[in-house]
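Just so it is clear, none of the values below were taken in a lab; they were calculated from the coordinates. These numbers come from a predicted model, not from an experiment. Positions of Cβ are generated from backbone atoms using ideal geometry, with glycine treated the same way; all protein chains shown enter the neighbour counts.
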Amino acid sequence: MTAGFDVATALSGGVPTPVHAWDFVHRFTDEWVGAPLHDQDGFTEAELDDVESHLGFELPLVLRQGYALFGRRDDLTRRQDPLVPPPCLNVDDGLDGLLVFRRENQDCARWGIRLDQIEQADPPVWVESDRGWIPFLDRMSLAWVELVLSETLLSPGPHYDACELPEALLPRLHDRYAPVPLPDHPMWAGADNSPLRWYSAPGLLIRRDGDLDLAWLHARGRTAHDLRTIRADLPTAWGN
């Protein structure tokens, strides 16, 4: 295996608190992205105060902290299914009201926080699916980690590829890649909302979308060599 930052190792203890989420994002931007966070990467307290004044309620603490830490970093938040800029935050009528903070790139799905849970510091997150709004992750701090991983994984460029997952390759996937200790969370597309699962090795990141009858793999290497390693480990008809 190649050397480099390993997401599964970095998250070996899970994300039990928001502090663990912020620590992971700092390490990930330093060691994987190679562009550490800076003060100007987030929205200011004054900007977020103005948003709360416009909405008429306070943002959940962990949502606000994420915006303040890296909300302007498009490379971490706005590659595929973008984070909504704070001035554009809005309330959807679903489930008696949800604050929508993220949208699928063709507006086919949205992620939000229920207004009856908005006063929680680290509230559950819901996602819009073919079956309506369903639970996504039980804490916003987990959703921040998932957002950063997904937006990085699915960034355009030569270090990304995707394929269908033949059942015969599943043992190789499990043998060569460690599961990332994030809870299963549902795909927004598809009536069964099959779970998303993450795997990694040093310099290598994979997301498995769905169960075997409809599973896809999305893969990213930190370098072109890393991506070639993934293709060699899992030989199949990769898209690129």
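Evaluate Rg over Rh across the stretch 7-151, taking Cα atoms for both radii and Kirkwood's formula for Rh.
That ratio equals 0.94.
Rounded to the nearest Hz, the phi-derived 3J(HN,Hα) couplings of the stretch 169-182 under the Karplus curve 6.51 cos²θ - 1.76 cosθ + 1.60 (θ = phi - 60°) are 8, 4, x, 5, 4, 6, 6, 9, 10, 8, x, 7, x, 10, where x marks glycine and proline. Computing FRET efficiency as 1/(1 + (r/R0)^6) for VAL91 and ALA189, where r is the C-beta to C-beta distance and R0 is 25 Å, gives about 0.55. Kindly express, to the nearest 10 degrees and within the range 0 to 90, the angle between helix 18-28's C-alpha long axis and the longest C-alpha principal axis of the chain. Rounded to the nearest ten degrees, it is 50. Taking every alpha-carbon pair within the stretch 72-206, the share separated by more than 19 Å comes to 54 percent.
Just from its helices, what would the mean residue ellipticity at 222 nm be for the chain, if runs of 4 or more DSSP H residues each count -39500 (n - 2.57) and the sum is divided by every residue, rounded to the nearest 500 deg cm²/dmol?
Working: 8 runs with 71 residues, N = 240.
For the chain, the value works out to -8500 deg cm²/dmol.
Residues in the stretch 220-227 carry Karplus couplings, in order, of 9, x, 5, 10, 4, 4, 4, 5 Hz; the curve used is 6.51 cos²θ - 1.76 cosθ + 1.60 with θ = phi - 60°, and Gly or Pro positions show x. Of interest is the spacing of the C-alpha centroids, which for the stretch 207-224 and the stretch 31-87 amounts to 28 Å. Ordering HIS54, HIS20 from the fewest to the most neighbouring beta carbons within 10 Å gives HIS54, HIS20. Projecting the Cα atoms of CYS88, LEU137, PHE70 onto the dipole axis of the stretch 7-151, where Lys and Arg carry +1 and Asp and Glu carry -1 at the beta carbon, places LEU137 farthest toward the positive end. Legend: P(r) of the stretch 154-233 from all alpha carbon pair distances, 10 Å bins from 0, whole percents, reading 18, 52, 27, 2. With the cut-off at 1.5 for a/c, could you classify the stretch 42-99 from its C-alpha gyration tensor as rounded, prolate or oblate? Oblate, since a/c reaches 1.5 and b/c is not below a/b.
Just in the stretch 72-136: which GluC sites (Glu not before Pro) are loop by DSSP and have at most 15 other Cβ atoms within 10 Å?
Details: sites: GLU104, GLU119, GLU128; in loops: GLU104, GLU119.
Filter output for the stretch 72-136: GLU119.
Taking θ as phi - 60° and the Karplus parameters 6.51, -1.76 and 1.60, the scalar couplings of the stretch 97-102 work out to x, 9, 7, 8, 10, 8 Hz in sequence order, x denoting glycine and proline.
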